[in-house]
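Chemist: Let me give you the structure first, and then I'll get to my questions.
The values are calculated or read from the model by the stated rules, or taken from the named source; none is laboratory data. Quick caveat: nothing in here was measured; it's all calculated off a predicted structure. Every residue, glycine as well, gets a Cβ built from its backbone with ideal geometry; the counts of neighbours run over all protein chains shown. For accessibility, only protein heavy atoms count, side chains too; no ligands or nucleic acids. Shrake-Rupley method; radii C 1.70, N 1.55, O 1.52, S 1.80 Å.
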Amino acid sequence: MDLRKYLRSFGYAFEGIITASKEQNLRSHIVSAVIVILAGYFTGLSRTEWYIVLLLIALMFALEMINTAIERVVDLASPNLHPLAKQAKDIAAGAVLVFALFSAIIGLLIFLPKWL
């Protein structure tokens with residue numbers, strides 16, 4: 001195992017995170033995550049509830065980054081408008097939306113009983 005190559009891969013990963021964080025959609029997820037974390041702090045979530053909330057936040061970030069990567073690859077492979085390219089991008093964006101909706105539902109199930 002080449003240690004330099006291995007450590008360099010972390011640099012590439014951090015570069016990817018920085019690049020993705022410039023995307024508007026990921027930034028909106030970051031803002032939402034900060035709001036949820038603050039709400040969780042002031043609500044007094046249990047340890048298990050924190051695990052769930054933090055897991056959902058991490059998965060949302062990861063899924064949004066995968067969606068962005070898919071969009072970039074599709075744009076590279078198909079610079080002209082093509083119905084299959086559009087479908088690939090729409091499906092990836094749809095996956096993010098599905099996860100965001102279910103994350104919101106889980107968030108409501110965690111927070112609402114504490115607030116009511």
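Chemist: So how many residues does region 38-58 have that are in a helix (DSSP H, G or I), surrounded by 15 or more Cβ atoms within 10 Å (Cβ to Cβ) and among the hydrophobic types (A, V, I, L, M, F, W, C)?
Modeler: Selection size over region 38-58: 6.
Chemist: How many of the residues in region 84-116 are part of a helix (DSSP H, G or I), more than 17 Å from Ile57 (Cα to Cα), without any contact (Cβ under 8 Å) to a residue 24 or more places away in the chain and open to solvent by 50 Å² or more (accessible area, probe 1.4 Å)?
Modeler: Here the count works out to 8.
Chemist: Quick one: how many residues across region 32-58 are of a type in the set (D, E, K, R) and closer than 15 Å to Leu108 by Cα?
Modeler: Looking only at that region, the number is 1.
Chemist: Being open to solvent by 50 Å² or more (accessible area, probe 1.4 Å) and not in a helix (DSSP H, G or I): is that true of Leu81 here?
Modeler: yes
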